[in-house]
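The values are calculated or read from the model by the stated rules, or taken from the named source; none is laboratory data. Since this is a predicted model, take the numbers as computed values, not measurements. Positions of Cβ are backbone-derived with ideal geometry, glycine not excepted, and every protein chain shown enters the neighbour counts. Only protein heavy atoms, including side chains, enter the accessible area calculation; ligands, DNA and RNA are left aside. Shrake-Rupley method; radii C 1.70, N 1.55, O 1.52, S 1.80 Å.
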Amino acid sequence: MRQTNLTGEPSEYLDAREELRRAEIDLMRQRERVADLRRQLPLGPAVDDYTFEEGPEDLDAGDAPARKVRLSELFTGTGRELLVYHLMYGKKQTDPCPMCTMWIDGLNGIAHHVRQNADFAVVAAADLPALRAHARNRGWTNVRLLSAGDSTFKQDLGSEDAEGNQDSTVSVFVRGDDGSVRHFYSVHPRMADDIDERGIDLLTPVWHLLDLTRRGRGDWYPTLSY
């Protein structure tokens with residue numbers, strides 16, 4: 001199957017491109033199999049109704065008044081699931097993680113699409129004013145920003161260790177008819193001892209676009225300078 005209408009494509013290119021096309025189809029089918037396995041996970045345990053701190057909905061309205069909000073209150077309707085991105089910021093992570101920042105830059109742009117089907121929030125260990133200041137610098141006006149404060153939420157979900165070191169994580173929760181919240185799924189960058197940071201790559205298009213080029217992603221990392 002030809003992918004272009006260009007003339008003069010050498011046979012060795014066409015043969016290699018066809019081999020690649022078939023490999024891409026195999027990868028697509030494997031991704032769909034993995035997604036189906038994920039959807040079939042049984043529900044995990046009920047979790048504490050953790051308390052977070054949240055500022056005004058308008059990010060530019062300052063940081064007060066702050067209010068307490070519980071995990072169960074992040075669900076905006078019956079039958080909806082909750083996605084939480086654990087931002088590496090706070091405690092031992094004294095500066096916001098550039099990688100997490102890149103992720104949330106993208107998630108901020110698509111959050112209104114996600115909210116058609118599921119609720120979404122960003123949780124950090126940083127205090128609320130510091131979190132909101134970073135969000136203002138990045139223009140994160142479309143995501144719900146929560147400080148985990150003194151709760152054990154991040155440690156319980158594996159995005160913080162006992163010393164306060166932070167890690168990026170994505171967690172999914174469901175709320176039962178009785179109001180209890182149960183854990184469904186969490187994923188971390190570190191998938192195995194020999195896979196250090198690929199576990200959440202599917203959440204950003206940046207890597208996938210770079211992987212289309214001859215250079216690939218290489219050793220490139222985002223910075224906070226842009």
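Taking the options R21, R29, R2, R70, name whichever one is within 27 Å of R175 (Cα to Cα) and basic (K, R). Give the steps one after another, and end with the answer.
On the way: R21 fails: within 27 Å of R175 (Cα to Cα); R29 fails: within 27 Å of R175 (Cα to Cα); R2 fails: within 27 Å of R175 (Cα to Cα).
Only one candidate qualifies: R70.
Quick one: T101 ticks every box in (1) in contact with a strand residue (DSSP E or B) (Cβ under 6 Å, 6 or more places away or on another chain); (2) touching a residue at least 40 places away in the same chain (Cβ under 8 Å); (3) of a type in the set (V, I, T) bar one, so which box is it?
Checking T101 against (1) in contact with a strand residue (DSSP E or B) (Cβ under 6 Å, 6 or more places away or on another chain); (2) touching a residue at least 40 places away in the same chain (Cβ under 8 Å); (3) of a type in the set (V, I, T), the one that fails is (1).
Would you check which residues across the stretch 1-60 are of a type in the set (A, V, I, L, M) and within 30 Å of D178 (Cα to Cα) and list them?
Going through the stretch 1-60, the residues of a type in the set (A, V, I, L, M) turn out to be 1, 6, 14, 16, 20, 23, 25, 27-28, 34-35, 37, 41, 43, 46-47, 59.
Once the filter is applied, which keeps residues that are of a type in the set (A, V, I, L, M) and within 30 Å of D178 (Cα to Cα), the stretch 1-60 yields A35, L37, L41, L43, A46, V47.
I want to confirm something. Restricting to the stretch 188-226 and keeping residues that are hydrophobic (A, V, I, L, M, F, W, C) and part of a loop (DSSP other than H, G, I, E, B), which single residue is nearest to L87 (Cα to Cα)?
As a first pass, look at the stretch 188-226 and keep what is hydrophobic (A, V, I, L, M, F, W, C): 191-192, 195, 200, 202-203, 206-207, 209-210, 212, 220, 224.
Among the residues that remain, those that are also part of a loop (DSSP other than H, G, I, E, B) are: 191, 200, 212, 220, 224.
Working: M191: 18, I200: 13, L212: 27, W220: 20, L224: 14 Å.
Checking each candidate, the answer is I200.
Determine if the stretch 40-48 includes at least one residue that is in a strand (DSSP E or B) and closer than 19 Å to A135 by Cβ. Show your work before the answer.
Of the stretch 40-48, the ones in a strand (DSSP E or B) are 46.
Now restrict to residues that are closer than 19 Å to A135 by Cβ: none.
No, the stretch 40-48 has no match at all.
Please find, within the stretch 158-187, the residue that is nearest to L87 (Cα to Cα) out of those that are of a type in the set (D, E, K, R) and in a loop (DSSP other than H, G, I, E, B). Walk me through it before giving the result.
Step one: list which residues in the stretch 158-187 are of a type in the set (D, E, K, R), which gives 160-161, 163, 167, 175, 177-178, 182.
Remaining after also requiring in a loop (DSSP other than H, G, I, E, B): 161, 163, 167, 177-178.
Details: D161: 14, E163: 17, D167: 8, D177: 29, D178: 29 Å.
So the residue we want is D167.
Hey, can you tell me all the residues within the stretch 182-208 that are in contact (Cβ under 8 Å) with a residue 24 or more places away in the chain and in contact with a helix residue (DSSP H, G or I) (Cβ under 7 Å, 6 or more places away or on another chain)?
Y185, L203, T204, P205, V206
Please enumerate the residues belonging to the stretch 46-73 that are of a type in the set (A, V, I, L, M, F, W, C) and touching a Phe, Trp or Tyr at 6+ places or on another chain (Cβ under 8 Å). Spell out how you get there, then give the answer.
Within the stretch 46-73, the subset of a type in the set (A, V, I, L, M, F, W, C) is 46-47, 52, 59, 61, 64, 66, 69, 71.
Hits for the stretch 46-73 are V47, F52, L59, V69, L71.
Just the residues that are closer than 17 Å to V143 by Cβ and either among the hydrophobic types (A, V, I, L, M, F, W, C) or touching a residue at least 12 places away in the same chain (Cβ under 8 Å) (or both), please, taken from the stretch 50-65. Outline the logic, then answer.
Within the stretch 50-65, the subset closer than 17 Å to V143 by Cβ is 52-61, 63.
Of everything in the stretch 50-65, those that are closer than 17 Å to V143 by Cβ and either among the hydrophobic types (A, V, I, L, M, F, W, C) or touching a residue at least 12 places away in the same chain (Cβ under 8 Å) (or both) turn out to be F52, E53, E54, G55, L59, D60, A61, D63.
Among the residues of the stretch 57-115, what is the count of those that are of a type in the set (K, R) and on the phi > 0 side of the Ramachandran plot?
To start, the set of residues in the stretch 57-115 that are of a type in the set (K, R) comprises 67-68, 70, 80, 91-92, 115.
Remaining after also requiring on the phi > 0 side of the Ramachandran plot: 91.
Qualifying residue count for the region: 1.
If you take just the strands (runs of 3 or more DSSP E) that sit entirely in the stretch 61-152, which of them hold at least 2 residues that are crowded, with 20+ Cβ neighbours inside 10 Å?
Values: elements: 67-70, 81-87, 118-124, 144-147.
Those strands (runs of 3 or more DSSP E) span 81-87, 118-124, 144-147.
Go through the stretch 209-226 and give me each residue that's under 27 Å from N137 (Cα atoms), open to solvent by 90 Å² or more (accessible area, probe 1.4 Å) and free of Cβ contacts under 8 Å to residues at least 12 places away in the same chain. Full working, then the answer.
Let us first name the residues in the stretch 209-226 that are under 27 Å from N137 (Cα atoms), namely 209-210, 217, 219-226.
Checking which are open to solvent by 90 Å² or more (accessible area, probe 1.4 Å) leaves us with 209, 219-221, 225-226.
Correct list: L209, D219, W220, S225, Y226.
When the stretch 46-60 is examined, which residues are found to be open to solvent by 30 Å² or more (accessible area, probe 1.4 Å) and either among the charged types (D, E, K, R) or at pLDDT below 95 (or both)?
Those that are open to solvent by 30 Å² or more (accessible area, probe 1.4 Å) and either among the charged types (D, E, K, R) or at pLDDT below 95 (or both): D48, D49, E53, E57, D58, D60.
Hey, among G158, G164, G179, which residue is free of Cβ contacts under 8 Å to residues at least 40 places away in the same chain, surrounded by fewer than 18 Cβ atoms within 10 Å (Cβ to Cβ) and farther than 16 Å from A118 by Cα?
Details: G164 fails: free of Cβ contacts under 8 Å to residues at least 40 places away in the same chain; G179 fails: free of Cβ contacts under 8 Å to residues at least 40 places away in the same chain.
After ruling out the rest, the residue left standing is G158.
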